[in-house]
């Protein structure tokens, strides 16, 4: 379980996250939503141990993430940032990088190869394992980075806008894959920009507003939907299994 206990993070005098308290349980797909500048990426970086809170703690199974040695932390927490470079590597080479925290002397073993092959298969990349990354579309590259995370086999997966640049069908595939991973016992937290997709695809949502946790709960929770409408200044309407976003009063 990942837990934020009164976490405040700051960049100089600016507090990007203020007194955040929430839990992310294994077995559910969590979405982190909020307007631009609300602290979503800062929250993920704090969860990954990349920035230290000025107050409070981020706990993984009741152990402070910041206190974990780097290799141990990398074995337990995987983080996929939104902005990434495209290295001069093949698909297989990049996915194999996910196994670095587990390797001794930098040599992959049979267990490493098994995790790599499984990740390639889950992300529908087995057929292009030897293709250069730079030959792939943005959406295909996104799946390669996701496969690298899966190969890492961490308990916690943190993803910053993992469905950006994907067409609608691929977005739903990624949500389905991440839910399958969560159901297998992993802890999955991702930022989502597309509100209808977040409401339809996530099991639970955490709403940030100006660096503070405004609400958290299941998408069907009336209080949650009311908070989303207030924070974003929009109106939400449920349409069958999905949601429609309109201007207030429409």
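Just so you know, all these numbers are worked out from the coordinates, no wet-lab data involved. Predicted, not measured: the structure shown is a model, and the values here were computed from it. For neighbour counting, all protein chains shown are included, and Cβ atoms are generated from backbone atoms with ideal geometry for every residue, glycine included.
Tabulated results
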| quantity | calculated |
| --- | --- |
| Amide N of region 81-111 lying under 19 Å from the label point, which is placed 7 angstrom from the Cα of residue 134 along Cα→Cβ | 84-95 |
| Ranked list, fewest to most other Cβ atoms within 10 Å of each Cβ, for 225, 126, 137 | 137, 126, 225 |
| Equivalent ellipsoid semi-axes - Cα gyration tensor, region 110-250, angstrom | 32, 17, 13 |
| Angle between the chain longest axis and helix 222-232 axis [Cα atoms, degrees, rounded to 10] | 90 degrees |
| q = 0.10, 0.14, 0.16 Å⁻¹, the chain: log10 I(q)/I(0) [Debye, one scatterer per Cα] | -0.49, -0.95, -1.20 |
| D (Stokes-Einstein, µm²/s), Kirkwood Cα radius, region 186-250, 1.567 mPa s at 4 °C | 106 µm²/s |
| Dmax and Rg, reported as Rg then Dmax, of region 1-85 (C-alpha, Å) | 12.6, 37 |
| Sequence-separation-based contact order of region 105-250, relative, with Cα cut under 8 Å and 6+ spacing, percent | 15 percent |
| Computed E for residue 113/residue 226 - FRET, C-beta separation, R0 51 angstrom, nearest 0.05 | 0.55 |
| Ranked 192, 24, criterion: other C-beta atoms within 10 Å, fewest first | 24, 192 |
| Inter-probe distance in nm under a simple model that places probes 7 Å from Cα toward Cβ, at residue 173 and residue 218 | 3.0 nm |
| Cα long-axis angle, helix 110-122 against the chain (0 to 90 degrees, to the nearest 10) | 50 degrees |
| With 5 Å bins from 0: P(r) over region 37-141, alpha-carbon pairs, percent | 2, 10, 17, 17, 17, 17, 11, 6, 2, 0 |
| Label zone at residue 72, where the point sits 7 Å out along the Cα-to-Cβ direction: region 134-154 residues whose backbone N lies under 11 Å | none |
| 86, 246 arranged by Cβ crowding within 10 Å, fewest neighbours leading | 246, 86 |
| Angle between the chain longest axis and helix 168-183 axis [Cα atoms, degrees, rounded to 10] | 80 degrees |
| Rg in Å to one decimal, and Dmax rounded to a whole Å, for region 131-214 via C-alpha atoms | 13.6, 44 |
| Sequence-separation-based contact order of the chain, relative, with Cα cut under 8 Å and 6+ spacing, percent | 26 percent |
| Relative contact order (percent, whole number), region 38-142, Cα cutoff 8 Å, 6+ residue spacing | 23 percent |
